[in-house]
Amino acid sequence: AVADSSTMGSALGRISEEQPRYDVARACDGYEVRTYEACCVIETTYDPRERDEQGKSFMRLAKYIGVLSKPRNARDEKIAMTAPVFMTPDATAATRYVMQFVLPKSKFPEGAAQAPRALDPEVAVKDVPARTMAARRFSGRMRKEEIEAQTEALKKALKAAGVQLAHGEKTVVQYAGYNPPWTPGIMRTNEVLVEILWDPRADQAAA
């Protein structure tokens, strides 16, 4: 069998899926400041200590949009995959993580009110408000040690620049993976992101 161009492209690290909409407010040494538009996500939670839990949570979300199965949403509506997949420590449960797919804004410009209800009780459809994030990009596999090192580098750079985290020490770090599992590590695109306090007027005055 001959692989199609999209599979070949993803194997080479090419990202063709729709992504959350944002503007780059400033490109800094080692990170970007991005202003994200409000968006709609589907999300579920998992315990990374449990075997295959992360993969199962991915499939719960994938089934909602109709990947490898009939769509598990109230309208039986097939929805295009987007990138990246977001993962965040659950603020309400110390050992759990939240996994999110962003629903395409081109299809659901009005957000969660426009998106179909999930049939799986473990999948929630919700709106995420506009926010300003600092993002640090890296390649390779998203191993715990690498995520911790990249997070430390991002926070150190923000502190040096005098940029404040939006919720102080309680600000959670979000991890973003842009590629399918078969993309080689060196060609993978990953990010760590934190919400920050950012005044564009002050930034323009300093520029």
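The values are calculated or read from the model by the stated rules, or taken from the named source; none is laboratory data. It should be emphasised that the depicted structure is a prediction, and the values quoted were computed from it without experimental measurement. Backbone-built Cβ (ideal geometry, glycine too); neighbour counts: all protein chains shown. Side chains are part of the model used for accessible areas, which takes the heavy atoms of the whole protein and leaves out ligands, DNA and RNA. Shrake-Rupley method; radii C 1.70, N 1.55, O 1.52, S 1.80 Å.
Among the residues of segment 62-78, write down those that are open to solvent by less than 70 Å² (accessible area, probe 1.4 Å), over 19 Å from the mean Cα position of the chain (by Cα) and among the hydrophobic types (A, V, I, L, M, F, W, C).
If the condition is that a residue be open to solvent by less than 70 Å² (accessible area, probe 1.4 Å), over 19 Å from the mean Cα position of the chain (by Cα) and among the hydrophobic types (A, V, I, L, M, F, W, C), then A74 is the only one that fits.
Going by the conditions given, is M59 open to solvent by 60 Å² or more (accessible area, probe 1.4 Å) and under 24 Å from R188 (Cβ atoms)?
yes
Tell me yes or no: at least one residue of segment 90-98 is at pLDDT 95 or above and within 13 Å of the chain's Cα centre (by Cα).
yes
What is the one condition in (1) at pLDDT 95 or above; (2) open to solvent by 50 Å² or more (accessible area, probe 1.4 Å); (3) more than 21 Å from G140 (Cα to Cα) that E32 does not satisfy?
(3)
Residues are listed down the side, and each one gets a yes or a no for (1) within 21 Å of P48 (Cβ to Cβ); (2) open to solvent by 70 Å² or more (accessible area, probe 1.4 Å); (3) touching a helix residue (DSSP H, G or I) at 6+ places or on another chain (Cβ under 9 Å):
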position	(1), (2), (3)
A115	no, no, no
A135	no, no, yes
G140	yes, no, yes
K144	yes, yes, no
T151	yes, no, no
L158	no, no, no
E169	no, yes, no
V172	yes, no, no
Y175	yes, no, yes
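For segment 117-133, what are the residues that are touching a residue at least 60 places away in the same chain (Cβ under 8 Å), more than 23 Å from E169 (Cβ to Cβ) and surrounded by fewer than 19 Cβ atoms within 10 Å (Cβ to Cβ)?
Matches in segment 117-133: D120, E122, A124, K126, D127, A130.
Can you name every residue in segment 181-202 that is in a loop (DSSP other than H, G, I, E, B), surrounded by 13 or more Cβ atoms within 10 Å (Cβ to Cβ) and hydrophobic (A, V, I, L, M, F, W, C)?
Of everything in segment 181-202, just one residue is in a loop (DSSP other than H, G, I, E, B), surrounded by 13 or more Cβ atoms within 10 Å (Cβ to Cβ) and hydrophobic (A, V, I, L, M, F, W, C), namely W198.
Can you confirm whether K107 is loosely packed, with under 13 Cβ neighbours inside 10 Å and of a type in the set (K, R)?
no
So M81 passes all but one of these: (1) surrounded by fewer than 18 Cβ atoms within 10 Å (Cβ to Cβ); (2) out of contact with any helix residue (DSSP H, G or I) (no Cβ under 8 Å at 6 or more places or on another chain); (3) farther than 21 Å from Y31 by Cβ. Which condition number does it fail?
That leaves (2) as the condition not met.
Restricting the search to segment 90-143, which residues are basic (K, R) and either farther than 24 Å from W182 by Cα or touching a Pro at 6+ places or on another chain (Cβ under 9 Å) (or both)?
R96, K105, K107, R117, K126, R131 - these are the residues of segment 90-143 that are basic (K, R) and either farther than 24 Å from W182 by Cα or touching a Pro at 6+ places or on another chain (Cβ under 9 Å) (or both).
Restricting segment 131-164 to residues that are over 18 Å from the mean Cα position of the chain (by Cα), of a type in the set (A, V, I, L, M) and not in a helix (DSSP H, G or I), which is nearest to E43 (Cα to Cα)?
Only one residue tops the list, namely V163.
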